[in-house]
Amino acid sequence: MSCIPVLEGDRLRLREHRAEDLDDYTALWSDHDVVRHIGGRPLGRSECWARILRFRGMWALLGFGFWIIEDRHSGCLIGEAGIMDLRREIEPSLEGTLEAGWVLRPDWHGQGLAGEAMNLVLSWTDRHHPSIPLSCIIAEGNEPSMRLAAKLGFDRSGDGDYQGSQLVHFRRKPRVEGIGAPASSC
């Protein structure tokens with residue numbers, strides 16, 4: 001039994017990563033249009049399996065992580081979104097923040113689905129971790145994601161390089177001042 005909550009929107013369902021997602025997940029992360037702004041390199045099957053395990057483990061250990069994004073009508077895996085703490089060695093530092101992220105298959109772009117998914121994620125995060133600031137990093141030139149970050153309440157906070165990619169850093173202030181809510185446990 002999974003302790004990962006299911007989040008439902010008008011068109012989307014966000015749910016845990018599952019072992020049976022591997023083929024569809026590998027198709028997502030091996031698509032050149034998906035990775036061109038996220039590392040620039042398609043991921044292989046074993047790397048995708050490691051990501052699935054990482055996100056399930058993050059939920060078990062920290063009480064938050066990423067969700068698979070499904071189309072509610074078809075059940076089709078169309079992307080993933082969530083928050084994470086990867087302890088990246090990056091400047092400016094992301095220390096003390098939860099890092100938000102999202103990705104969709106290219107054939108699902110332009111329909112407002114990333115915004116719908118992230119509004120579900122941020123609503124959940126604001127309820128469960130209200131005093132922790134959020135961050136996100138977006139590749140220079142990824143204008144659609146930068147516009148979405150601004151719509152979600154993120155402000156540009158700096159620029160940096162991570163593993164050879166020029167990135168723009170964004171921050172979103174916590175929704176509640178004070179001590180952070182404890183991580184949920186399974």
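The values are calculated or read from the model by the stated rules, or taken from the named source; none is laboratory data. Every value quoted in this text rests on a predicted model; they were computed, and no experiment measured them. Heads up, the Cβs are rebuilt from the backbone with ideal geometry, glycines too, and the neighbour counts pull from every protein chain shown.
Numerical summary
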{"item": "Hits in the stretch 124-154 (condition: touching a Cys at 6+ places or on another chain (Cβ under 8 Å) and part of a loop (DSSP other than H, G, I, E, B))", "result": "154"}
{"item": "Tabulated pairs, the stretch 138-154, first surrounded by fewer than 18 Cβ atoms within 10 Å (Cβ to Cβ), second of a type in the set (Gly, Ala, Ser), C-beta under 6 angstrom, 6+ apart or interchain", "result": "139/165"}
{"item": "Residues located in the stretch 43-73, provided they are farther than 19 Å from residue 86 by Cα and either among the β-branched types (Val, Ile, Thr) or modelled with pLDDT under 95 (or both)", "result": "69"}
{"item": "Residue check, residue 95 farther than 13 Å from residue 148 by Cβ and of a type outside the set (A, V, I, L, M)", "result": "yes"}
{"item": "Criterion: closer than 27 Å to residue 110 by Cβ and of a type in the set (S, T, N, Q) - qualifying residue of 46, 30", "result": "30"}
{"item": "Selection status of residue 64, part of a loop (DSSP other than H, G, I, E, B) and of a type outside the set (Ser, Thr, Tyr)", "result": "yes"}
{"item": "Close pairs (9 angstrom Cβ cut-off, 6 or more residues apart or separate chains): under 16 Å from residue 151 (Cα atoms) and among the polar types (S, T, N, Q) in the stretch 117-133, in a loop (DSSP other than H, G, I, E, B) and modelled with pLDDT of 95 or more anywhere", "result": "119/9; 119/152"}
{"item": "Selection from the stretch 13-56 of residues that are under 27 Å from residue 127 (Cβ atoms), touching a Gly at 6+ places or on another chain (Cβ under 9 Å) and of a type in the set (A, V, I, L, M)", "result": "14"}
{"item": "Close pairs (6 angstrom Cβ cut-off, 6 or more residues apart or separate chains): within 16 Å of residue 138 (Cβ to Cβ) in the stretch 68-94, among the acidic types (Asp, Glu) anywhere", "result": "84/99"}
{"item": "Subset of the stretch 49-68 that is touching a Leu at 6+ places or on another chain (Cβ under 8 Å) and buried (at least 20 other Cβ atoms within 10 Å of the Cβ) - its residue that is farthest from residue 79 (Cα to Cα)", "result": "64"}
{"item": "Among the candidates 168, 121, residue that is in a helix (DSSP H, G or I) and surrounded by 13 or more Cβ atoms within 10 Å (Cβ to Cβ)", "result": "121"}
